[in-house]
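Here is the structure we will look at.
The values are calculated or read from the model by the stated rules, or taken from the named source; none is laboratory data. If you're wondering where the values come from, they're calculated on a predicted model, not measured in any experiment. Cβ sites come from the backbone with ideal geometry, for glycine too, and all protein chains shown count toward neighbours. Areas reflect the complete protein model, heavy atoms only, side chains present, ligands, DNA and RNA absent. Shrake-Rupley method; radii C 1.70, N 1.55, O 1.52, S 1.80 Å.
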Amino acid sequence: MADCQPQACRNTALTSDNRQALADHLLRLEDTLAAGDRLAPYVRHRLEEQHRATAAFLTRHTPEIAE
């Protein structure tokens, strides 16, 4: 679906592989933003928004560790 937003959907299937893919994507965003002086302001802004949203999603969905 063109308007699908997995990070905003309550029905998102979050497997360990999906979570790892999002964590990997977050690292790529950080690498790209680290070289941000070469990014156009709008592109940098959108990548920062995506970084915040992805980090917040991963934080909200951190698996609980049983002790």
Members of the stretch 51-67 that are assigned to a helix (DSSP H, G or I) and open to solvent by less than 90 Å² (accessible area, probe 1.4 Å) | His51, Ala53, Thr54, Ala55, Ala56, Phe57, Leu58
Restricting the search to the stretch 29-50, which residues are farther than 12 Å from Gln7 by Cβ, surrounded by 11 or more Cβ atoms within 10 Å (Cβ to Cβ) and of a type outside the set (Ser, Thr, Tyr)?
-> Leu29, Glu30, Leu33, Gly36, Leu39, Val43, Arg44, His45, Arg46, Leu47, Glu48
State which residue pairs qualify: first residue farther than 29 Å from Thr15 by Cα and inside the stretch 31-60, second residue open to solvent by 40 Å² or more (accessible area, probe 1.4 Å) and part of a helix (DSSP H, G or I) in any location, beta carbons under 7 Å apart, and separation of 6 or more residues or different chains.
-> Gly36/Arg44
Does any residue of the stretch 32-47 turn out to be modelled with pLDDT under 85, assigned to a helix (DSSP H, G or I) and not polar (S, T, N, Q)?
-> yes
